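> Structure in structure tokens, see below.
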Amino acid sequence: MHEVDATILRRLESGVPLVGQVASYIISAGGKRLRPVLLLLMCGALGCRDAQRFNLAAVVEFIHTATLLHDDVVDESTLRRGRATANEVFGNPASVLVGDFLYSRAFQMMVESQNMQIMQVLANATNIIAEGEVLQLMNMHDASLDENAYLHVIRSKTAKLFEASCELAAILAGSSPVTRAACAEYGQSLGTAFQVIDDVLDYDGDAAEMGKNLGDDLREGKATLPLILAMKLGNDADARIVRQSIESGSTDELSRVVDIVRRTGALDGTRAAAAAQAERAIAAARALPANHYTDSLLELAAQLLQRRA
């Protein structure tokens, strides 16, 4: 990861000062770097020592960071990882345009691999992420969204880059189609579980712990799984309060919504859905060579369910 961070800093360089300022601001915000970590761990599990792994780890982090910059503008977010968002500090235009810079820099770097399979995976992933963003926008304030539609959005918007990170390692390692499929399955399932748990924390944490504003998803009209299950498990009055809050994007009833989500068992149901995804990831990882890197991948999937921030 030291090598990856060095690559990130080197490739952030631009002749336009504002580009470096905005990009450095969000990249230095203390994120988990989970996608690059996954790529490196998967390379280790497959015995791959190709130097391109550092370059590609930086690529997936740039793509992820670009999506964050654009997301915060679309969602009008003011807080991320415990501090002001880039759009709050530098304004919306700078955030959008620097997000574009990070996407284009990522594509410059992926071309350097001179591997058509790598370019196909990353180009496809970036396109699906964009589709997921648009799909989520279309679903805003739609209280009729069901669990399958919810999972489709997060597999596109969040899990796809996890999947691509793991699949890139298999391509670099020259793995068989079966192993490559197992790597992709691990990444998709882990990424899905990650986002489902993230949606739990919006109703089971506090703003200081989460580094975001509690109730943000409700304000944005997002029908996340805790809300979907709360409407399904609660009585008619409960369902009406949650539905109206989603449709209006109002947090006036936030305390009541949180109470309904907790009282109906919606959080337990959401955690169970995350656990099912984590089990899929664990099953996929067990198809990989047995070594301490694979052990770390297994542990990561298991620990995800205890995630608090």
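> Restricting to segment 180-201, and then to whatever is in contact with a helix residue (DSSP H, G or I) (Cβ under 6 Å, 6 or more places away or on another chain) and over 17 Å from Leu300 (Cβ atoms), can you tell me which residue is surrounded by the most Cβ atoms within 10 Å (Cβ to Cβ)?
Looking at the filtered set, the residue picked out is Val200.
> Show the residue pairs meeting these rules: Cβ distance below 7 Å; 6+ apart or different chains; first residue within segment 17-46 and over 30 Å from His292 (Cβ atoms); second residue open to solvent by 30 Å² or more (accessible area, probe 1.4 Å) and aliphatic (A, V, I, L, M).
These pairs meet every condition: Tyr25/Val89.
> Read through the list (1) more than 26 Å from Gly221 (Cβ to Cβ); (2) more than 19 Å from the chain's Cα centre (by Cα), then give the number of the only condition that Arg243 fails.
(1)
> Go through (1) within 26 Å of Pro177 (Cα to Cα); (2) under 15 Å from the mean Cα position of the chain (by Cα); (3) hydrophobic (A, V, I, L, M, F, W, C) for Met110 and report which single condition fails.
(2)
> Is one or more of the residues making up segment 53-70 of a type in the set (A, V, I, L, M), at pLDDT below 95 and not in a helix (DSSP H, G or I)?
no
> I would also like to ask the following. Could you give every pair whose Cβ atoms fall below 7 Å, whose first residue belongs to segment 264-275 and is on the phi > 0 side of the Ramachandran plot, and whose second residue is aliphatic (A, V, I, L, M), counting only separations of at least 6 or pairs across chains?
Between residues of segment 264-275 that are on the phi > 0 side of the Ramachandran plot and residues that are aliphatic (A, V, I, L, M), the close pairs are Gly265/Leu233.
> A follow-up question, please. List every residue pair whose Cβ atoms sit under 8 Å apart, with the two residues 6 or more apart in sequence or on different chains, where the first one lies in segment 58-84 and is farther than 11 Å from Ser95 by Cα and the second, anywhere, is in a helix (DSSP H, G or I) and aromatic (Phe, Trp, Tyr).
Phe62/Tyr103; Ile63/Tyr103
> Wholly within segment 213-294, which helices (runs of 4 or more DSSP H) include no fewer than the required count, namely at least 2 residues that are aromatic (Phe, Trp, Tyr) and buried (at least 23 other Cβ atoms within 10 Å of the Cβ)?
none
> Report, by residue number, each residue of segment 69-90 that is open to solvent by 10 Å² or more (accessible area, probe 1.4 Å) and aliphatic (A, V, I, L, M).
Val73, Val74, Leu79, Ala84, Val89
> Being open to solvent by 40 Å² or more (accessible area, probe 1.4 Å) and outside any helix (DSSP H, G or I) is the filter; apply it to segment 1-32 and report the residue that is modelled with the lowest pLDDT.
Selected residue: Gly30.
> Still on this structure, please answer the following. Within segment 161-182, is even one residue hydroxyl-bearing (Ser, Thr, Tyr) and not in a loop (DSSP other than H, G, I, E, B)?
There is at least one residue in segment 161-182 that is hydroxyl-bearing (Ser, Thr, Tyr) and not in a loop (DSSP other than H, G, I, E, B).
The values are calculated or read from the model by the stated rules, or taken from the named source; none is laboratory data. Only a predicted model underlies this, so the values are computations on that prediction, with no experimental measurement involved. Neighbour counts are summed over all protein chains in view; Cβ atoms, including those assigned to glycine, are modelled from backbone coordinates with ideal geometry. Please note that ligands, DNA and RNA were not included when accessible areas were found on the heavy atoms of the full protein model with its side chains. Shrake-Rupley method; radii C 1.70, N 1.55, O 1.52, S 1.80 Å.
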